[in-house]
Amino acid sequence: MLPYRNLAEAEVVLGRNLTAAETFWFHYSASMPDYLLFYHNIAFLFVIFTLVPLPMAVAELIRPSTIAPFKLQPKVALPPSSFLKCYKVVLRVFFFVVGPLQLISYPSVKLVGIRTGLPLPSAWEMAAQLVVYFLVEDYGNYWIHRAMHSKWGYEKIHHVHHEFTAPMGFAAPYAHWAEVLVLGIPSFIGPALVPGHMVTFWLWIALRQIEAIETHCGYDFPFNPTKFIPFYGGAEYHDYHHYVGGQSQSNFASVFTYCDYIYGTDKGYRFQKAHLAKLREQWTAEEHNGIDISNHIGKIE
Ligand SMILES: [Zn+2]
Ligand SMILES: [Zn+2]
């Protein structure tokens, strides 16, 4: 809800003309209560959980040869029923946990001072805040995820998320309700420490979920723009965590790789990666020298 009667009054208070985006925001939010603006997140999350994993799910079912080389676990072909089962659980988690959690979170959003008015934040302000949110959440998530791999945490809660040893996009929010609740805490610490505009908060919630879906999609594309983000884990990094499964003590971080590096929990992953690279190098050399390598095919996954 904006405290101006009209555009002219907003421009007088700001001491300048409104930008096109601010004019749009004025028309959109002027008479909308703040809690309704916050509840947009519920709709965004529903759309993201439903639509973002869809293209890769369709691709996984059709399996065109063009994307086959980028499949992280090529021997695994998920049937349509597992996509459906996964999405049904995600919907249940959405309607009984994610949605209600958003509904009751509004007072905390108000308390920390996430604003809805004018001026809108600059692109730099949004980017800087998003970096803080991602770093803070990644650090908190690392330790919660690591605790979830204790005997009790895994058996009681985290085993649900690990049902898919070869994950796909829909499996990103596929988790025990308690895990969804607990992981909501580090997601909110960043915005609580550095409160920004509601638009930044929307973007944060959306980008974090899209990132999670991308890291669970089961494919690692070399042309993915996330490859340019420093210390970004990506699909290959988290896929390894699912591949190893319950006894995994590697790759706990959700977004970046630095926590696992600092705390030494990426050793298994780095060993496996180096080992596979060495094997590939050796086989390429053998192939180059005319040695039959057909008995090696299928040993790399
Ligand atoms: Zn795990
Ligand atoms: Zn996962």
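Any read-out appearing in this document is the output of simple, stated calculations on the displayed coordinates, not a laboratory observation. In this text the structure is predicted, and so the values were computed from the model without any measurement. FYI the Cβ positions are ideal-geometry reconstructions off the backbone, even for glycines, and counts take in every protein chain you see.
Observations on the model:
- To the nearest ten degrees, helix 177-193 and the longest principal axis of the Cα atoms of the chain are 50 degrees apart.
- In straight-distance terms, cross-link reach from K273 covers every one of the lysines whose alpha-carbon lies under 20 Å from its own, apart from those fewer than eight places away in the same chain; here that gives K71, K75, K227, K299.
- Using bins of 10 Å that start at zero, the share of Cα-Cα pairs per bin across the chain amounts to 6, 24, 30, 22, 11, 5, 2, 0, in whole %.
- Placing dummy labels 7 Å off each Cα toward the beta-carbon, the span from S108 to A30 is 3.4 nm.
- Relative exposure of M56, M1, judged by other C-beta atoms within 10 Å (fewest first): M1, M56
- Sorted peptide list for 252-261, 175-184, criterion being average Cβ within 10 angstrom, highest first: 252-261, 175-184
- Each peptide in 125-131, 190-196 was scored by the mean count of other Cβ atoms within 10 Å over its residues; highest first, the order is 190-196, 125-131.
- Computed over the chain, relative contact order equals 22 percent, with contacts defined as Cα pairs under 8 Å that lie 6+ residues apart.
- R0 of 45 Å, Cβ-Cβ distance I229-R5: FRET efficiency to nearest 0.05: 0.55
- Nearest-ten-degree value, helix 123-148 long axis tilted from longest Cα axis of the chain: 50 degrees
- Remark: segment 11-28, residue by residue, has Karplus-estimated 3J(HN,Hα) of 5, 5, 5, 7, x, 6, 6, 6, 6, 4, 5, 5, 5, 4, 4, 4, 5, 6 Hz, where x stands for each Gly or Pro and the curve is 6.51 cos²θ - 1.76 cosθ + 1.60 at θ = phi - 60°.
- GNM result for the chain, Cα springs below 10 Å: residue of G233, G169, G153 fluctuating most strongly: G153
- Length added when fully stretched, V12-W202, from 0.36 nm per residue minus Cα-Cα: 65.6 nm
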